[in-house]
Structure formats: C-alpha cells, structure tokens
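The values are calculated or read from the model by the stated rules, or taken from the named source; none is laboratory data. Being a predicted model, the structure only gives us computed values, none of them experimental. As a convention, Cβ positions derive from the backbone with ideal geometry for all residues, glycine included, and neighbour counts pool all protein chains shown.
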Amino acid sequence: MSGVLVIMEQRGGAWNRMSWETLAAGQQLAAQTGQTASTAVAGQGIGALAGELARKKLERVYAVDHALLGAYTADGYTAALEQLIRKASPSLVLFPHTYQVRDFAPKLATRFGQVLISDTIGFRVDGGAPVFARQLFQGKLNADVKPGGAGPYFASVQAGAFRADQLQDGSAQVENFTPDLSADEIRAKPLDPFRESARAVDLTAAEIIVSVGRGIKEKDNIPIVEELAKALGAELAASRPICDSGWLPMERQVGSSGQTVSPKVYLAVGISGAIQHLVGMKGAKTIVAINKDSNAPIFEVADYGIVGDLFEVVPALVEEVKKAKG
Amino acid sequence: MKIIVSIKQVPVRDSQLRIDASGHWIQENDLSFEINEPDAYALEEGLQLKEKHGGEVIALCLGPARASQTIREALAKGADRAIHIEEENLTSFDTLGIAKLLAKAAESEKPDLILTGLQSDDLGSGQTGVVMAEILGLPSATIIMAVETAGSGIRVKRELEDGWFQNVEMPLPAVLTIQSGINKLRYATLMGIKKAKTKEIKRLRPAELGVTAAPAAIIERVYLPQRTKQTQILEGSAKEAAAKLVEKLKFEVRVI
C-alpha cells in the first residue's frame, strides 16, 4: 500500500474547482511522506478531462469510465471507486469535501473498515504518517485526528484550505479503468439537477453587503439591520438559519448552499461564522464583524471587529453613517 | 411507515467551551445540552411523514444518561417510543463504531425509513447516516430538503451546491440525512409533555449490541484555532466603536 490517490469531481464534463485544491494538497502530502501522487476521475466519456490531468505532476491518472457513471449515484461511484482502490492500493485517498463526496465517501471508507476524516483544513506528518487538522463545534475548536488501522486512509479537504495555484505541472500516464458495474446494483434513480427559480436578487453584483445571522434573535428584529443596509446603500443578505426560519427569502442566503459573494465590504452582523457561511463570503475585500462572542470564528476572517451587542452597535452605526453621509 | 429518527445530544449553541485536562475533548460538566439542530429537523420530518402516511416514529439516541432529557423532549413532540443506547464515554468510539451501534439497534426494528440530521454541531463529521446505511445494506441519500412517497418507494430532493437541487427516487427501506430548514419545527404541547412520561424508552448497552470500541481515527488533541488574520478590534462603547468603524469605512475602505 503506497501513494496518495486524489479523487477529482466533475459534473457534465465541468470540474468542481475544489478538486484542484485537493489535488494540490495531494501533491504536498505525497512529497512530505515520500510517496507518489496519482489521481482518478469517474464518469462517462471523460477522456478530455483525464488528458487535462495528465499535464500535472502525478504518477498516474485513472480514467474510471463507464456508462453507469454518466449520472452520479452513490451506489455507482462507491462500487467503481472501491474496485479502483483495491487495484491501485494507495495508502491514502483524498477527496474535495463537496456535497457529492459527503454523499458517497463515508460509504466507501466503510467498505475498507475505515472512517472518512472529513472536512480537513491541513495536515502535518508525524513519523511518516499524516495527522489531519479539522474543525469541531462549527469552527470554535480544532482537533488533530490521526488515522489508524491497516488503511488505506480516507480524508476530505475543506474548500479554500489549500491553494489551487500551488499545483505543480508535469506529466502523468493515463490509465483507463473500466469498473465492473451492473444496473441492478444502483438502487437510486437520479433525475436532472435543477434550480428553484431565476434569482431575483443577485448579491454577487453588490458593492456593500450587510449580512445578518442568528444573533438577531427574532424576525421582528430584522428591520434593525435593514435600516443599516439602507443607510449604507447595501444589499441585505443572511446566513442559512435566517433563511431556514423564513425571516428573509432563500435568495438572500450567502454560503455553500446559497450565493458566493466578493463585495468591497461585507458586514457580518450576529453571524458566528460557520464554515458553510465563510466559504460564501471570505473573498470579500474587507470584512467587518459585529458579534457579542469574541471567540466567534467570524473574527478569524474579519479585518475589523466590534465585540458587542448588535442591538446597541447597529443603531449607533446607522446614526454615524447618516452623519458621515451628511 | 415505520420511521426511526436517530438523534444526538450536543452542547447548546453559544456554549463557552473549555478544553479538558486530557486535551482530547471539552469539559462537559458545566455545560447545558440540547438536541443537535439538524436532528430536530429530521425528527420533525419523521413526525410529518407519520401524520401523512400513518405508522410509528421511534427516536434512537446514543449518549450518556443525560441524553434522556433530549429523548423525553422527542417523545413530548410526538415520537411514539425511544431506544437509548447508554454510553458515558462516547469519545472512545469513532464514527464507524457509533454507526455500528445505531445500526445494530435499528436493525431489529425493521424500519421502512431511517432519518437523521446531515451532521452534528459538535464533531461535524457528517457521515453517521451514510455509514449506518452501508452497514445495514440500505440505499441512502444526503442533505435532503423534501421527502415524498412515490409508488412503493420515495422521491427525495437533494440539495447540491450553489442553489442547485436534484430529485432522486429510491426504494424503501432507506436512510436519509436531513438538512436544516426542510420544515418548520413544532413545539411540544403540554399534553405531549404529559404523555411523554408514559412512553416506552428501551435502554441498551454497547456490549449488549456486540460492538466494542476499536477506533480507526483518533482525536490526538483539541486546541483553539490560530488566528490567521489580524483583526483590528474597534474598542469603546457602542457609539464610540460605531464612530471608529465609520471612520475606517470612509477613509480606508472608501465606501462612504
């Protein structure tokens, strides 16, 4: 058992960009543990995608091609990748921590008597073996997790934890792998992906965004932040729980399941900063956080912070903004 | 429809967390606990499915003695009965061990559907449901935003990234992991709280289920994250801090 195997993700021939970050992580892990890195992409008719991977510094590119892998299913992907892993026999399998990976990778790891060490944010090498860092309690604490047992080990990598631009170019040999799959082992029937409706609100175009989270406590308090958005000429956005509760429409949600924004200024009001939210806004040029908990993870990414009660700070801010605008 | 909802008890949100003396976990003695939020949505979905199609909802919980409070609340909301796998030292099990315990306890009930939250607010591994399904040999689907019956099976709405969704049809029995916001949570009624006292809670021990802790992944240490960005904290009263921020927005960020 040797080598790092990175499982790339594609849909309809388009890469999930997190795959590249994971591939970079795989190269780094391989280099630091004295192993080679290889990669695999699964689907139907993926020759061109495999060709693209062949220009990276890798040992091998596995093109896992089968008619039954055209549309993603947990059963199909698990069966196909199980066969590949048994053949390639890597010591470590890495995935991007996408929604799709969350759907099948735990199942795949179980087949090897292993646990997926999910949503990791970094690693260090201890005695030749990797130890992974991951977040606990929505980012309030970190933990170092050491894989055990005979392996292979399985880990997924958080969005933004590694940089795709650190990926090293080179050349790799493409190997076609045709898994042995039959239609009757695929129990779920996936229908075509869809979007709920055309988005009436395009947050991505906003220069300033005032975003509100759980700290606002109840629906009746929403006008407090609306007032601030108005004063600043900003779009109003929210973290997921606010939209889940129906306090603001879903189309104003920022985060992994909502919109990804990179405005000039992002004001996070009463948002603790769970990773699902951070991935949607950490590209903002300036981040301001207003939160009563000085340990809230939002302060990890904020340029300016006010530790205090939003019900006092936000009205004061509205007044100051109005004064400054004259 | 016989539905098992697997629920977990976690520290209440906004708890002030302190690392324990071993450095492997947090100090739990001075914390309050509540149902893991996505599990609350899973329970609600189970109750709504039962109301629509008839059947039974069984709350399944692995946790120490204190978890009985969360189980009572699930019964008060409308679960018919509960199974409590009692284990004081949960950290000795990894996700696979935990899923094995839950799967073993669920198996003998022969449920049509097993629901659980998509992830826990404490460990956040997000895989217990999927691993349970694999152990039980059942199909699974994750991050579910709607469940309806379709013929002899179900049609579920999976959330994908960036506002995309996908419907998936699958046979029963099956395991689903439920996303927060799928429904509107109910409160327990006074009548429900009264009734809960008479409902059955079956208590099991890990040893009775034939599962021992043999973790494949071990938490070596727990620590505070290191700040990567220098946050400039604006001090003072609300008014003073607000004035300082406007100053920054005007002269440094230049958006006012």
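Checking the condition at pLDDT 95 or above, among the hydrophobic types (A, V, I, L, M, F, W, C) and within 15 Å of A:T22 (Cβ to Cβ), which residue from A:F112, A:F177, A:F154, A:F104 passes? Please lay out each step first, then the result.
Working: A:F112 fails: within 15 Å of A:T22 (Cβ to Cβ); A:F177 fails: within 15 Å of A:T22 (Cβ to Cβ); A:F104 fails: within 15 Å of A:T22 (Cβ to Cβ).
The unique qualifying residue is A:F154.
What single numbered condition from (1) within 13 Å of chain A (Cβ to nearest Cβ); (2) over 19 Å from A:R111 (Cβ atoms); (3) surrounded by fewer than 23 Cβ atoms within 10 Å (Cβ to Cβ) fails to hold for B:D112?
Against the list (1) within 13 Å of chain A (Cβ to nearest Cβ); (2) over 19 Å from A:R111 (Cβ atoms); (3) surrounded by fewer than 23 Cβ atoms within 10 Å (Cβ to Cβ), B:D112 comes up short only on (1).
Which of (1) touching a helix residue (DSSP H, G or I) at 6+ places or on another chain (Cβ under 9 Å); (2) within 30 Å of A:A74 (Cβ to Cβ); (3) more than 11 Å from chain B (Cβ to nearest Cβ); (4) in a helix (DSSP H, G or I) is the odd one out, the single condition A:D180 does not satisfy?
So A:D180 meets the others, but not (4).
Quick one: would you say A:K323 is free of Cβ contacts under 8 Å to residues at least 24 places away in the same chain and at the interface with chain B (Cβ under 9 Å from one of its Cβ atoms)? Don't jump to the end; show me each part of the working.
Details: free of Cβ contacts under 8 Å to residues at least 24 places away in the same chain: yes; at the interface with chain B (Cβ under 9 Å from one of its Cβ atoms): yes.
Here the answer is yes, as A:K323 does meet what is asked.
Kindly check whether there is at least one residue in region A:216-228 that is facing chain B (nearest Cβ under 9 Å) and either touching a helix residue (DSSP H, G or I) at 6+ places or on another chain (Cβ under 8 Å) or more than 21 Å from B:V255 (Cα to Cα) (or both).
We begin by selecting, within region A:216-228, every residue facing chain B (nearest Cβ under 9 Å); these are none.
Within region A:216-228, none of the residues are facing chain B (nearest Cβ under 9 Å) and either touching a helix residue (DSSP H, G or I) at 6+ places or on another chain (Cβ under 8 Å) or more than 21 Å from B:V255 (Cα to Cα) (or both).
Name the residue that is farthest from the other protein chains (Cβ to nearest Cβ), counting only residues in region A:279-298 that are buried (at least 22 other Cβ atoms within 10 Å of the Cβ) and touching a residue at least 24 places away in the same chain (Cβ under 8 Å). Steps first, please.
Here is the first cut: in region A:279-298, the ones buried (at least 22 other Cβ atoms within 10 Å of the Cβ) are A:280-281, A:284, A:287-291, A:296-298.
Those still in the list that are touching a residue at least 24 places away in the same chain (Cβ under 8 Å) too: A:280-281, A:284, A:290-291, A:296-298.
On the way: A:G280: 9, A:M281: 13, A:A284: 11, A:I290: 9, A:N291: 11, A:A296: 9, A:P297: 7, A:I298: 9 Å.
Once the filter is applied, the top-ranked residue is A:M281.
Checking A:Y99 against (1) more than 7 Å from chain B (Cβ to nearest Cβ); (2) under 13 Å from A:A159 (Cα atoms), which test does it fail?
All conditions pass for A:Y99, except number (1).
With surrounded by fewer than 17 Cβ atoms within 10 Å (Cβ to Cβ) and not charged (D, E, K, R) as the only criterion, which of A:G76, A:G70, A:G3 stands out? Give the steps one after another, and end with the answer.
Working: A:G76 fails: surrounded by fewer than 17 Cβ atoms within 10 Å (Cβ to Cβ); A:G3 fails: surrounded by fewer than 17 Cβ atoms within 10 Å (Cβ to Cβ).
A:G70 is the lone residue from the list that is surrounded by fewer than 17 Cβ atoms within 10 Å (Cβ to Cβ) and not charged (D, E, K, R).
Within region A:176-192, track down each residue that is of a type outside the set (A, V, I, L, M, F, W, C), farther than 18 Å from B:A133 by Cβ and buried (at least 16 other Cβ atoms within 10 Å of the Cβ).
A:P179
Within region A:223-247, can you find the residues that are crowded, with 21+ Cβ neighbours inside 10 Å, more than 20 Å from the chain's Cα centre (by Cα) and assigned to a loop (DSSP other than H, G, I, E, B)?
A:A234
I'm trying to understand the selection: among the residues of region B:125-143, which are of a type in the set (V, I, T) and surrounded by fewer than 24 Cβ atoms within 10 Å (Cβ to Cβ)?
Taking region B:125-143 first, the residues of a type in the set (V, I, T) are B:128, B:130-131, B:135, B:142-143.
The one that is of a type in the set (V, I, T) and surrounded by fewer than 24 Cβ atoms within 10 Å (Cβ to Cβ): B:I135.
B:A106 fails exactly one of the following numbered conditions: (1) in contact with a helix residue (DSSP H, G or I) (Cβ under 8 Å, 6 or more places away or on another chain); (2) facing chain A (nearest Cβ under 9 Å); (3) aliphatic (A, V, I, L, M). What is the number of that condition?
Status for B:A106: all satisfied but (2).
Could you tell me whether B:E220 is surrounded by fewer than 18 Cβ atoms within 10 Å (Cβ to Cβ), of a type in the set (D, E) and within 8 Å of another protein chain (Cβ to nearest Cβ)? Before the answer, list the steps.
Numbers: surrounded by fewer than 18 Cβ atoms within 10 Å (Cβ to Cβ): yes; of a type in the set (D, E): yes; within 8 Å of another protein chain (Cβ to nearest Cβ): yes.
Taking the combined requirement at face value, the residue satisfies it.
So A:A79 passes all but one of these: (1) facing another protein chain (nearest Cβ under 7 Å); (2) out of contact with any strand residue (DSSP E or B) (no Cβ under 7 Å at 6 or more places or on another chain). Which condition number does it fail?
Unmet for A:A79, out of (1) facing another protein chain (nearest Cβ under 7 Å); (2) out of contact with any strand residue (DSSP E or B) (no Cβ under 7 Å at 6 or more places or on another chain): (1).
If we scan region A:82-93, do we find a residue that is assigned by TED's automatic domain parsing to the domain that holds A:A159 and in a strand (DSSP E or B)?
Filtering region A:82-93 down to residues assigned by TED's automatic domain parsing to the domain that holds A:A159 leaves A:82-93.
Restricting the remaining residues to those that are in a strand (DSSP E or B) gives A:92-93.
Yes, some residue in region A:82-93 is assigned by TED's automatic domain parsing to the domain that holds A:A159 and in a strand (DSSP E or B).
Just to verify a result, which residue in region B:157-193, among those that are buried (at least 18 other Cβ atoms within 10 Å of the Cβ) and more than 10 Å from chain A (Cβ to nearest Cβ), is nearest to B:A76 (Cα to Cα)?
Looking at residues that are buried (at least 18 other Cβ atoms within 10 Å of the Cβ) and more than 10 Å from chain A (Cβ to nearest Cβ), I get B:I178.
Run down A:G149, A:G128 and say which single residue is at the interface with chain B (Cβ under 7 Å from one of its Cβ atoms), at positive phi and touching a residue at least 24 places away in the same chain (Cβ under 8 Å). Step through it out loud before you land on a result.
Values: A:G128 fails: at the interface with chain B (Cβ under 7 Å from one of its Cβ atoms).
Answer to the check: A:G149.
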